[in-house]
Amino acid sequence: MIKLFRNIRQNLLNEGKTSKYFKYAIGEIVLVVIGILIALQINNWNETRKDKKKEIVFLQQIHKEFIENKAQFLSIKDFHAKSLKSCNWMIAHQPFKTVPIDSLRHHSLWSRVSYTFDPSQSSVKSLISTGAIDLIQDLELREALIGWQDLVEDYLEEEKEMREFTVSHVITFSLNNFKLYNEEERFDEVLNFDQDQFHKYLNLIARKKKMLEEILDGFSDKKYGESQSEIEKVMMAMDLMIERTN
């Protein structure tokens, strides 16, 4: 009987030691888990801080790039407007019998001017090609950056068509029909055109005029229910990028 009591007492003591060890082990595990969580949190914070620094660098690059793009775009737009004005003048003042020769020279030259928008896109292409576009936290800005290349291509279709027409037809016609004396082009040769030459020349100017109107005013876009022309969309996109990256 005494032996039995001793065995029971020893078992209770052993159970107490096991319970204490179990509690200690649980405590150690909790401390390890907490340490791991803290380390992960610090790592995440460091990664977030690095990403934020990268985002700031990209935003600065985009801002600078699109300030320059907008300046170029406005210059090209101004050239289009001057060329359109000259096309309108040529059509309104034909057959040019009573106009000052200097005015004829000026507007004949500007009716042949053709430029195309050539924006820098290195920062946008770098963002997209490397997958760094996800660093941009502003969702509207991110969407504008992703759609920028397609938007520019859509706009440039009309500009390139106008430039190709100008080079292939308007300029070619001028080279073939305006004589050169002492390296100065004789714009007044138009006064000596026969009827066929004159009509062909005016038709070329009228076609160039229509192309410029579609670029500047978006006639074809609005014809098909678009609320904005391509030129307006490009301008709005650049303004958004400049504002959101400032």
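The numbers here are math on the coordinates, done by the rules we state, and not lab data. Everything numeric in this text was worked out from a predicted model, so none of it was measured. As a convention, Cβ positions derive from the backbone with ideal geometry for all residues, glycine included, and neighbour counts pool all protein chains shown.
Some notes on this structure:
- Note on the range 51-154: Kirkwood radius taken over Cα pairs, Stokes-Einstein applied at 20 °C and 1.002 mPa s, translational D equal to 129 µm² s⁻¹.
- Extended-chain gain in nm, criterion 0.36 nm per residue less alpha-carbon gap, Ile34 and Ser122: 27.2 nm
- Taking 0.36 nm per residue of separation and subtracting the current Cα-Cα distance, fully stretching the chain between Leu216 and Arg186 would add 7.8 nm.
- For Lys82, neighbours were defined as the other residues whose beta-carbon sits under 13 Å from its Cβ, and their charges (Lys and Arg +1, Asp and Glu -1) total +4.
- Taken over the range 78-218, the alpha-carbon convex hull comes to 128 cubic angstrom per residue.
- Note on Ile56 and Asn177: their simple-model spin labels are 6.2 nm apart, each label 7 Å out from Cα toward Cβ.
- The loop-placed trypsin sites (Lys or Arg not before Pro) in the range 155-218, going by DSSP, that have at most 13 neighbouring Cβ atoms within 10 Å of their Cβ come out as Lys179.
- When you filter the trypsin sites (Lys or Arg not before Pro) in the range 88-153 for DSSP loop state and at most 12 other Cβ atoms inside 10 Å of their Cβ, you are left with Lys97.
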